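Asks: Below you'll find the structure I mean.
The values are calculated or read from the model by the stated rules, or taken from the named source; none is laboratory data. Computed from a predicted structure; not experimentally measured. Neighbour counts are summed over all protein chains in view; Cβ atoms, including those assigned to glycine, are modelled from backbone coordinates with ideal geometry.
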Amino acid sequence: MISTAIRLARVGSRSELAAALLMALGYPAVLAGALMPNIWLFAGASAVTYASDRYLHHKGSYLVDRLAKVRAGLPIRFLVRQLLLVLLLAREGLAEQPVFYAAVACFLLFYALQAPQGALATLIRLRRTMPVVTRNVDLHALRIADAPPKALLHRSGEKMLHLDIPAVAGLLWAAATGRTLAGYIGIGVTLGLGLLYVLLLVPYLRRSRLVPSAAAVMKGVGNWLREYQPTVVLYFSGADASAYQVNMWLDTLEHVDGRPLIVMRERSLVPKLGATDVPIICVPGGTHMMNLDLSSARVCLYPANVGKNIHMLRVPTMKHVFIGHGDSDKLASVNPFSKVYDEVWTAGRAGRDRYALADVGVRDEDIVEVGRPQLAPIKSWTGAPKNPIPTILYAPTWEGWDANPGNTSLLLAGENIVRALLTAKNPVRVVYKPHPFTGLVNKKAKAVDERIQKMIAEAAAARAAEPRWAEEAAAAHADQTAAKAELARLEARLAELENPFRKGGDEAEESRVSLADPERLAETRRLRAAWNEAYWRSFGWWEHKVVTGSKPHLYDCFNEADGMVSDISSVVSDFIASGKPYAVTDSAGVGADEFKRQNTAVRAAVILTNSAAEIGGLLDAVADPAADTLADARRDLRRYLLGPDSPASIDRFNEALRNLAAKAEARNTGFAQRLAEQPTAPEIDREADDAVEPEERTPATT
């Protein structure tokens, strides 16, 4: 019932639901207090509305946006409360008193100040917005000024409205005590603070406090590009939750032959990128994107098929390659859109065969097998569990854009899988890592995810109470305490390293100061590895765990697990690199044989039905190498899906880059030669004129 109320109220948690209810009840109570009149009821209800409104805004509740769309936004709610205060004063017999007219004038003037304050804040933000956002790009020549204090611009409209509190409090005190001086003082403080807010914004409209014009910024970026001369570009556009599709390629880009550059299109994605020394240029505008000078680049890599790719695909001087953000049997891996690229790079032979089977127009000669260089951090299986009890990772994919029941095991099998693992005859530890897109299309998937997280939390609590595990916890207490302290220290230092910008800086200022620092990057990587080791030590090897967010990374979960349950996605293909046993759920119920025929990656998997009754096969293979009947099949499948172990994947990737860059160079050279051989326009006209017989020529007329 509560979950239904949360959904209907458009809030994200129980606390937000409580705040929404308080706000909904608070305004009628304010009205009642004004009509009765009852000053203390009015004051108490007003305080509730102030606090609940503030809390919902702080949480970024969707309810707040919905209220604004039905003309019940924050300014309206403040105005209603102020009008009711005027009504209260009238009901208290103050309608003929000077303080009443002062209150009316105060609120009129206060709202008059809203316009210049809002205009100034908006204008400053616009004048501080550059046409690009950059990282690791030297823009010192642009002389970008520091950002205004965050306190002035962050939630500026909300802050301005809350300046009415002194006037409201003073007038209520005046009504309650009859001492009108308090009302005048409150009115003076409110109007004074409002005027001061406006005046504090004015200096930041000076040219020296703003950023250069768009033309100057693009010229500065162009100068840097001509100096840097990028040869390999990774181009990306996507939703906020898709930053992982770029992050998985950062390490590879740092090791490519040539000078890499990342070009992005969405500002909100830039802060979500991991630490890297690869230059990043985010160009949201299509016009600016098309004018970006990338004439030195010879290869462009695309991790995703999106509409904005057309803005880069139009450049003929470079070759275009689809590299994707995973290698799986999903239909997305054989998207017909891939025909627009010069080449499609797959991990192994399986990707080539997948396109041949799909027959979507991608030619076999345009497919290059380069392996998966991102999989280098994944450790190979030793053949036995690393801890006294096995760890099983459950990493379901999301429901997909079409919400097909075959996309994810979460909807029909998720709870059965987790229940079977939690109640296994021989105990195992469950690590659950849901896909970041879970619930994006189908809210039922999010509900199942929440129930699974609750199941795991309850199972972890029950296990902690059992004598055997309590003894283990007591023995490991000191080490876990030390690991938690180490985690806190590492997280604090990583926060400093990963966000070296001045607190309160904006995108423009961060673009100016975000130059690559090899020492900082090296320390970040070292501390990340130390963080991962401390994270797994901070709780027992017997404790069930839910892992969300970007840390620990999925591959770190692979290394901690002894086996995995997942769905048809690149997660399975990547996990195969470990050589560990795995299971995949036939959620669509097509049958094991047909499921294997349709999906290459499951040919060495334990196939689960939605009941998860077959989970014992996975647990037996994890616990006893003699029971692992699919070990040889996994080795063969790894080679088929991911390519040979030698030469290294990064070497094959670089070779493919060099070959394609050579093709781009040959094309550009040939085009230049053909252009040079073309006759000039007058020569063409003369040749055409010479082809006409003298008697056929039309005489000139006067």
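Asks: Determine whether region 323-339 contains at least one residue that is in a strand (DSSP E or B), surrounded by 15 or more Cβ atoms within 10 Å (Cβ to Cβ) and touching a residue at least 12 places away in the same chain (Cβ under 8 Å).
Replies: Checking region 323-339: not a single residue is in a strand (DSSP E or B), surrounded by 15 or more Cβ atoms within 10 Å (Cβ to Cβ) and touching a residue at least 12 places away in the same chain (Cβ under 8 Å).
Asks: List the number of the failed condition for residue 525; all other conditions in (1) closer than 17 Å to residue 559 by Cβ; (2) in contact with a strand residue (DSSP E or B) (Cβ under 9 Å, 6 or more places away or on another chain) hold.
Replies: Here residue 525 clears every test but (2).
Asks: Give 71, 54 a once-over and let me know the one that is among the charged types (D, E, K, R) and part of a loop (DSSP other than H, G, I, E, B).
Replies: That would be 71, the only listed residue that is among the charged types (D, E, K, R) and part of a loop (DSSP other than H, G, I, E, B).
Asks: Here's another thing I want to ask about it. Could you check region 590-702 for helices (runs of 4 or more DSSP H) lying wholly inside it with 3 or more residues that are within 24 Å of residue 344 (Cβ to Cβ) and at pLDDT 95 or above?
Replies: Once the helices (runs of 4 or more DSSP H) in region 590-702 are filtered for at least 3 residues that are within 24 Å of residue 344 (Cβ to Cβ) and at pLDDT 95 or above, what remains is 649-677.
Asks: Any chance you could count how many residues in region 340-359 are under 22 Å from residue 231 (Cβ atoms) and not in a helix (DSSP H, G or I)?
Replies: 5
Asks: Here's something else I'd like to know. Taking region 388-406 as the search range and keeping residues that are touching an Asp or Glu at 6+ places or on another chain (Cβ under 6 Å) and in a loop (DSSP other than H, G, I, E, B), which one is farthest from residue 568 (Cα to Cα)?
Replies: For region 388-406, the residue satisfying everything is 390.
Asks: Against the condition closer than 24 Å to residue 551 by Cβ and surrounded by 17 or more Cβ atoms within 10 Å (Cβ to Cβ), how does residue 429 come out, does it pass?
Replies: For residue 429, the condition - closer than 24 Å to residue 551 by Cβ and surrounded by 17 or more Cβ atoms within 10 Å (Cβ to Cβ) - is met.
Asks: Can I ask one more? State whether the residues of region 429-452 include one that is of a type in the set (S, T, N, Q), at pLDDT 90 or above and under 22 Å from residue 610 (Cα atoms).
Replies: no
Asks: Looking at the structure I just gave you, is residue 112 loosely packed, with under 14 Cβ neighbours inside 10 Å, free of Cβ contacts under 8 Å to residues at least 24 places away in the same chain and assigned to a helix (DSSP H, G or I)?
Replies: yes
Asks: Please determine whether any residue of region 254-265 is at pLDDT 95 or above, surrounded by fewer than 19 Cβ atoms within 10 Å (Cβ to Cβ) and touching a strand residue (DSSP E or B) at 6+ places or on another chain (Cβ under 9 Å).
Replies: Yes: one or more hits.
Asks: Being of a type outside the set (Val, Ile, Thr), assigned to a helix (DSSP H, G or I) and either buried (at least 19 other Cβ atoms within 10 Å of the Cβ) or in contact (Cβ under 8 Å) with a residue 12 or more places away in the chain (or both) is true for just one of 516, 508, 485. Which residue is that?
Replies: Just a single option satisfies the conditions, and that option is 508.
A quick yes/no check of all residues on (1) touching a Phe, Trp or Tyr at 6+ places or on another chain (Cβ under 9 Å); (2) in a helix (DSSP H, G or I); (3) of a type in the set (Ser, Thr, Tyr); (4) buried (at least 18 other Cβ atoms within 10 Å of the Cβ):
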residue	(1), (2), (3), (4)
523	no, yes, no, no
531	no, yes, no, yes
535	no, yes, yes, yes
541	no, no, no, no
552	yes, no, no, yes
574	yes, yes, no, yes
577	yes, yes, no, yes
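Asks: So, in region 229-240, how many residues would count as being surrounded by 15 or more Cβ atoms within 10 Å (Cβ to Cβ) and not β-branched (Val, Ile, Thr)?
Replies: 6
Asks: Here's a follow-up. Going through region 613-629 one residue at a time, which ones are surrounded by 15 or more Cβ atoms within 10 Å (Cβ to Cβ) and over 24 Å from residue 388 (Cβ atoms)?
Replies: Listed by number, the list holds a single entry, 614.
Asks: Looking at 5, 102, which one is assigned to a helix (DSSP H, G or I) and at pLDDT below 95?
Replies: 5
Asks: If you don't mind, another one. Given (1) assigned by TED's automatic domain parsing to the domain that holds residue 472; (2) within 27 Å of residue 638 (Cβ to Cβ), where does residue 529 come up short, assuming only one miss?
Replies: The failed condition is (1).
This table checks each residue for (1) within 20 Å of residue 107 (Cα to Cα); (2) of a type in the set (A, V, I, L, M, F, W, C).
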position: 166; (1), (2): yes, no
position: 174; (1), (2): yes, yes
position: 198; (1), (2): yes, yes
position: 231; (1), (2): no, no
position: 280; (1), (2): no, yes
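Asks: Across region 445-469, which residue is nearest to residue 409 (Cα to Cα) among those that are part of a helix (DSSP H, G or I) and of a type in the set (Asp, Glu)?
Replies: By that ranking, first place goes to 449.
Asks: Got at least one residue in region 358-373 being surrounded by 17 or more Cβ atoms within 10 Å (Cβ to Cβ), modelled with pLDDT of 90 or more, more than 28 Å from residue 608 (Cα to Cα) and under 23 Å from the mean Cα position of the chain (by Cα)?
Replies: There is at least one residue in region 358-373 that is surrounded by 17 or more Cβ atoms within 10 Å (Cβ to Cβ), modelled with pLDDT of 90 or more, more than 28 Å from residue 608 (Cα to Cα) and under 23 Å from the mean Cα position of the chain (by Cα).
Asks: Something else: Would you confirm, using the coordinates I've provided, whether residue 308 is surrounded by fewer than 21 Cβ atoms within 10 Å (Cβ to Cβ), part of a helix (DSSP H, G or I) and more than 22 Å from the chain's Cα centre (by Cα)?
Replies: No.
Asks: Sticking with this one: Between a residue in region 275-291 that is modelled with pLDDT under 90 and any residue that is hydroxyl-bearing (Ser, Thr, Tyr), which pairs come within a Cβ distance under 8 Å, given they are 6 or more apart or on different chains?
Replies: From region 275-291, the pairs are 275/524.
Asks: Consider residue 573 carefully, then state whether it is farther than 21 Å from residue 389 by Cα, touching an Asp or Glu at 6+ places or on another chain (Cβ under 9 Å) and not assigned by TED's automatic domain parsing to the domain that holds residue 248.
Replies: yes
Asks: Does residue 98 count as touching a residue at least 24 places away in the same chain (Cβ under 8 Å), on the phi < 0 side of the Ramachandran plot and surrounded by 16 or more Cβ atoms within 10 Å (Cβ to Cβ)?
Replies: no
Asks: Taking region 292-322, which residues are touching a residue at least 60 places away in the same chain (Cβ under 8 Å) and of a type in the set (Phe, Trp, Tyr)?
Replies: 302
Asks: For the condition more than 24 Å from residue 611 (Cα to Cα) and among the charged types (D, E, K, R), what is the one hit in 523, 594?
Replies: Answer to the selection: 523.
Asks: Looking at region 158-193, which of its residues are in contact (Cβ under 8 Å) with a residue 40 or more places away in the chain and among the charged types (D, E, K, R)?
Replies: Selection gives 158, 164.
Asks: Count, please, the residues in region 409-440 that happen to be in contact with a Phe, Trp or Tyr (Cβ under 6 Å, 6 or more places away or on another chain) and either in a loop (DSSP other than H, G, I, E, B) or not assigned by TED's automatic domain parsing to the domain that holds residue 459 (or both).
Replies: 3
Asks: A further question on this structure: Whether any residue in region 230-238 is part of a helix (DSSP H, G or I) and either over 30 Å from residue 325 (Cβ atoms) or touching a Ser or Thr at 6+ places or on another chain (Cβ under 8 Å) (or both) is what I want to check.
Replies: For region 230-238, residues part of a helix (DSSP H, G or I) and either over 30 Å from residue 325 (Cβ atoms) or touching a Ser or Thr at 6+ places or on another chain (Cβ under 8 Å) (or both): absent.
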